[in-house]
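Comments concern the structure below.
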Amino acid sequence: MEFLCYHRDRPGSLALRYELGEAHWAYMDGFTDALIARGPTLASDDTPTGSVHIVDLPDAAAARAFAFDEPNYQAGVYRDVLLRRWRNTLGRTMWDFPGEADGGDRYLVLGLGSGEPADLAVPSDPKDLIAYGPLLSDDGATWLGTAVLLAAPSPEEAAAVLTRSRYTTVEAHRWRFGGRR
């Protein structure tokens, strides 16, 4: 089962985040084979604002353990966690993305909603998509939104990948490929 985990940083926690860098990396090393995508969200000055992980795990309990046993979470770096089942509509990892890992602007787009599912089909021009799929309830039966990682020239253009009127809220966060450098 695939899950999207988005840890949002707590204000004032940057020094602690950096202090725990190696502990975070070591923890993620244990999930290398399960990761579909990963990386930080960033403010306009490149300061980290959160951490995205899309991971394939056996069940919801394993996903909760992944999210809440993470060293930065345990130490208080994060203010909250969005953890949702996710479906890998593209069927690939970020490492399979044909574009350059460090080239151009990248975004995490989260469309949160309820009711009739929206944007289930991959857009007709997927060349800028890194990851794309619906956010679902733990049992996979209820649509709760859509999450996308993509290359785009601006947050507004990134958010335009979703049908905005079908969501309660649409967020676009600067994002970059993660992993040990």
Cα gyration tensor of the chain diagonalised, 5x eigenvalues square-rooted, in angstrom largest first, produces semi-axes 24, 19, 16
Mean-square fluctuation maximum in Gaussian network of the chain, Cα pairs under 10 Å, restricted to 79, 17, 87, hits 79
For residue 154 and residue 22 in the same chain, what is the full-extension length gain: residue separation times 0.36 nm, less their Cα-Cα distance, in nm?
-> 44.4 nm
Within the set of other residues whose C-beta is less than 14 Å from the C-beta of residue 138, count the net charge using Lys and Arg as +1 and Asp and Glu as -1.
-> +1
If you put +1 on each Lys and Arg Cβ and -1 on each Asp and Glu Cβ, how big is the dipole of the chain around its Cα centre, in Debye rounded to 20?
-> 200
Those residues of region 23-60 whose amide nitrogen sits under 16 Å from the label point placed on residue 69, 7 Å along Cα→Cβ = 23-35, 55-60
37 °C / 0.692 mPa s Stokes-Einstein diffusion coefficient of region 94-175, Kirkwood radius on C-alpha pairs, µm²/s | 253
Please give the length that would be gained between residue 62 and residue 127 if that part of the chain were fully extended, namely 0.36 nm times their separation in residues minus their C-alpha to C-alpha distance (nm, one decimal).
-> 20.2 nm
Here, region 2-86 modelled as identical Cα point scatterers in vacuum has Debye log10 I(q)/I(0) at q = 0.12, 0.15, 0.17, 0.22 Å⁻¹ of -0.31, -0.49, -0.64, -1.07
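Where a number appears in this text, it was derived from the coordinates with a stated rule and is not lab data. Keep in mind that this is a model prediction, so the values were computed, not measured. All Cβ positions, glycine included, derive from the backbone under ideal geometry; neighbour counts span all protein chains shown.
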